[in-house]
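Structure first, commentary second.
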Amino acid sequence: METGSPAKGRFKLYEKLELQEFQEKFVIKSMESPSHGFSIDRHDGNIEPLDDDDTNAPSPSKVSTIYGVVGTIRLLKGTYIIVITSRKEVGNFLGFPVYGVTSMNFLSCNEVLKQSTSQEKRDEAHFLTLLKTVESTPGLYYSYETDITLNLQRRWQLAEGWITKPIWKQADPRFVWNKNLLDQLIEQKLDEFIIPMIQGSFQTAQLKLKESPATLTLVSRRCTRRLGTRMWRRGANLEGDVANFIETEQVVEVNGLRSSLLQIRGSIPLLWEQIVDLSYKPQLRVINHEQTSEVVERHFHDLVQRYGETIALDLTDKQGDEGQLSAAFASEMEKLPDVRYISFDFHHICGSSNFDNLRFLCDQIAEDFEKQGYFLADMEGNILVEQKGIIRSNCIDCLDRTNVTQSYLAQKSLNLQLQRMGVLNSSECISMFPEDYGKFRTMWAEQGDEISLEYAGTHALKGDLVRYGKQTLGGLIKDGMSALSRYYLNNFHDGIRQDAMDLISGRYNINRNGPSPFQLNGFETLSYLPVASALVVGGLTLTSLTFQQVGRNAQQFVSSVLWAGVAAGVMAVVKANGRQFCSRPRLCGLL
């Protein structure tokens, strides 16, 4: 069914576009087919397909090359169109080029803003700050020639004519990062300009296994249903959608055969939160709700319907806050006899470096893992094997422990796939080929870093376990720096990032008649790192300076005691109001 060469009738997007800027409008047209394009009115943001009669049009004030239209978004009084200004080819998916976005820009069509109130103008400025944050969104990938949101098995299961449809119609909406931005383009039937993009990771490598060249591809697709940052999107919503839900597909192509393994990860599907408050590890709180059991059931019902038999693999600690959350999860899973739940205390069993202890986990699930299998199709497009189920892994963040475990299981499956494809015999495994094994490990380590950057803002922890199979001194130092960076970002930056995600995904609906989401009250006007730091550091500095003069006279001693008291009081105020000094989302809060 699928081939590496463009199939007859396959839908293809325009690849290079010309952006023309006029006083009254922007014009975007295909360089391949200049008569095809559209205009955006700079006064009201309306989009119109290009007229055939455009011979008397004035010359544009500026002409530039862009590589795609991400979509449009309407804020309080203006429309903005987001375009791809640079890209990088990162590999191929089933023979078709895949690109990563390296820079984006937004064009404003907001002349109407001149008639806005002062509060609307201030709010619009805040929204523009969020759009600026969106411009630097990491891990965005797309293809002009094929849809990359669908996993291999799902592609083969679709009707044969699906490849002739516009690519946005082929896509799995769960993984289309810019889905909310495409409405105007879809309404105007500008199918050749509509690019469905995934956020996640795309890695590919060429292997030389026993002189049988193979292509290994690793694609991670981040779900948009509960998109967010590490601390501000935890657990599930009432519909059963969970934070940091990611479908990861490992594809191997050799001798005309194509095989894939799917794994998924996602936050524990309970209602729970962990709100930043300046402490290194904020308290985790499970929310008691009358619909908790229904939330868990909805989540796993959806997984079983999509992927088949599901194994829930819980990698959290069994002590402390994590232990309480894990116990609540286990209690709910007892009510779902059709889903196998496995609790594996990763930190207790594997520690910081005993990566091979994951074999104890493999022993527990070996029979089910083998029965679930993988997908395999031959060069004629015939399905030889289908994957009948899936493993859903989670830790607390679904980043570090989860990535180590998923890479371990992926390696086990890859050995079976290569043996079935005739590349390896039954006694061989990929770890016997150091160069290829190094490429495999690097792919998994880099995709772990990429996903962690998107959710937590830093590289993944425990990356050494994936890359080298052991913890190194350099890795420990890197993990320490990443942990500190996570603390800073979670407390003083992620609220803004969360607002940007809620805005771009359409979770927040702009309402001109509602109150401003950016109006601040009380401590909110004194929030974030500069004030918190200044108060604490200032009090400690004054205390230190006066203590240096203590021996000179009693008055200085009294001053020192006074300033020490002030410093202690300031620190107590900061600690007691820690949440107020942290960056937190304004648009949707903890929804």
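What follows draws every value from the coordinates through simple rules; no lab data is involved. Predicted model only: the values in this text are computed from it and were never measured. For neighbour counting, all protein chains shown are included, and Cβ atoms are generated from backbone atoms with ideal geometry for every residue, glycine included.
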Review point. Looking at GLN364, PHE329, HIS126, which one has the Cα that reaches farthest to the positive end of the dipole of the chain (charges on Cβ: Lys, Arg +1; Asp, Glu -1)?
Key: HIS126
Review point. Which of the lysines could a cross-linker bridge to LYS132, judged by Cα under 27 Å and excluding same-chain residues fewer than eight apart?
Key: LYS16, LYS25, LYS29, LYS62, LYS77, LYS88, LYS114, LYS121, LYS179
**Study point:** Rounded if a/c under 1.5, otherwise prolate or oblate - segment 380-474, Cα gyration tensor axes
**Key:** oblate
Revision key, fill the gap. Computed for segment 327-420: size of charge dipole around the Cα centre, +1 on C-beta of each Lys and Arg, -1 on C-beta of each Asp and Glu, debye to nearest 20, value 60
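Checking the a/c ratio against 1.5 first, then a/b against b/c, what shape does the Cα gyration tensor give for segment 283-436?
oblate
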Exercise for review: Take peptides 195-203, 12-20 and line them up by average Cβ neighbours within 10 Å, highest first, as a rough protection proxy.
Suggested key: 195-203, 12-20
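Placing unit charges on C-beta atoms (Lys and Arg positive, Asp and Glu negative, everything else neutral), compute the dipole magnitude of segment 137-266 about its Cα centre in debye, rounded to 20.
Details: 18 positive and 14 negative charges, 116 e Å.
Dipole size: approximately 560 debye.
Using helices alone, I'd like the mean residue ellipticity at 222 nm for the chain: each DSSP H run of four-plus residues gives -39500 (n - 2.57), total over residue count, nearest 500.
On the way: 15 runs with 204 residues, N = 591.
The per-residue figure over the chain is -11000 deg cm²/dmol.
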Practice item. Evaluate the relative contact order of the chain (contact order divided by residue number), counting alpha-carbon pairs under 8 angstrom at least 6 apart; express in whole percent. Key: 12
Exercise for review: With volume of the Cα convex hull per residue in Å³ defined as stated, name the option among (i) 228; (ii) 191; (iii) 279 computed from the structure displayed.
Suggested key: (ii)
Point to revise | Net charge over other residues, Cβ less than 11 angstrom from the Cβ of ARG87 (K, R count +1; D, E count -1) | key: 0
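From Cα pairs below 8 angstrom and at least 6 apart in sequence, can you work out the relative contact order of segment 34-102, rounded to a whole percent? Let's see the in-between values first.
On the way: 79 pairs, mean separation 13.4, N = 69.
After rounding, I find 19 percent.
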Study note, to complete from the structure: At 25 °C and 0.890 mPa s, the Stokes-Einstein diffusion coefficient in µm²/s for segment 123-170, with hydrodynamic radius from the Kirkwood sum on alpha carbon pairs, is 180
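How many percent of DSSP beta bridges within the chain run antiparallel, rounded to 5? Write down the numbers at each step before the final one.
Values: 74 of 87 bridges.
Bridges in the chain that DSSP calls antiparallel: roughly 85 percent.
With +1 assigned to the C-beta of every Lys and Arg and -1 to the C-beta of every Asp and Glu, and no other charges, what is the dipole magnitude of the chain about the Cα centre in debye, to the nearest 20? Could the numbers behind the result be given before it?
Values: 63 positive and 71 negative charges, 293 e Å.
Dipole about the Cα centre, nearest 20: 1400 debye.
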**Study point:** Residues of type lysines that LYS371 reaches as a straight line, Cα spacing below 16 Å, ignoring anything fewer than 8 places off in the same chain
**Key:** LYS388, LYS412
Practice item. For segment 41-175, calculate the relative contact order in percent as a whole number, restricting contacts to Cα pairs under 8 Å that are 6 or more residues apart. Key: 21
Point to revise | Sequence-distant aspartates and glutamates (8 or more away, or on other chains) whose Cα lies within less than 19 Å of LYS210 | key: GLU253, GLU428, GLU435, ASP436
